[in-house]
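Presented below is the structure to which this report refers.
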Amino acid sequence: MAKTVDDALGIALLKRIAAKDRKAFEEFYYLYAEGFGRFLMKMLKQQDWVDEAVNDVMLTIWQSAERYDPERGRLSTWLFGIAHNKGLKILERNGRHREQSLEDYAGEVDNDGDDAPEHYHAAISASSEPERMVMGWELGDAMTWAFSRLSADHLAVIDLCFGEDYSYQEIADIVGCPINTVKTRLFHARKHLAELLARKGFSLPEQGKVMI
């Protein structure tokens, strides 16, 4: 993750928030809102929706701080789970849950198989450094375009895995699906990204180097 916070500090703040300590609530916001707000921006793509979702997350924390159980996982996993749920509700309300339907990918929902993401290798070569830099910029633009066309479900698992560095189990907890479904969503997300990038003349960077 781009920014990590000591769970012990966050948990201590949650205990104070449960007792309706407004100062602790404000401190908690400044520690965590940037992280899940960044995730929500990639998911929602509109600042007003992100602001609404962040407010919804913080309201849930204010009302339900005592529900967090450290025995069930990291605090950030709990927070991202709330953020993901709030983001989906906003997308559904606005008719934007899916750019594409998961039903287009047979066996993806609650899948018990063990598909692993395939390896796609970058095919960028240039004869000089300036050309290489220009191709890098063009690839960045192509990746941004391709990500904007992923479903919310696919974008979430890609971002949480490669952008936020969560484990498969943590991603499953956040998005509320089995681990094997996370794996197959990653597989299909990377496959769809590869197809989209091919339209722009690029291939997907190798495993582990997806640019979020």
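General observations
- Residues that are within 27 Å of S151 (Cα to Cα), out of contact with any His (no Cβ under 6 Å at 6 or more places or on another chain) and not assigned by TED's automatic domain parsing to the domain that holds T144 number at least 2 in the following helices (runs of 4 or more DSSP H) confined to the stretch 1-87: 22-44, 47-64.
- Output for the stretch 15-51, where each listed residue is in contact with a Lys or Arg (Cβ under 7 Å, 6 or more places away or on another chain) and either under 20 Å from G81 (Cβ atoms) or among the basic types (K, R) (or both): E34, G35
The values are calculated or read from the model by the stated rules, or taken from the named source; none is laboratory data. None of these values were measured; they are calculated from a predicted model. Ideal geometry is used to build each Cβ from the backbone, glycine not excepted, and the neighbour counts take in all protein chains shown.
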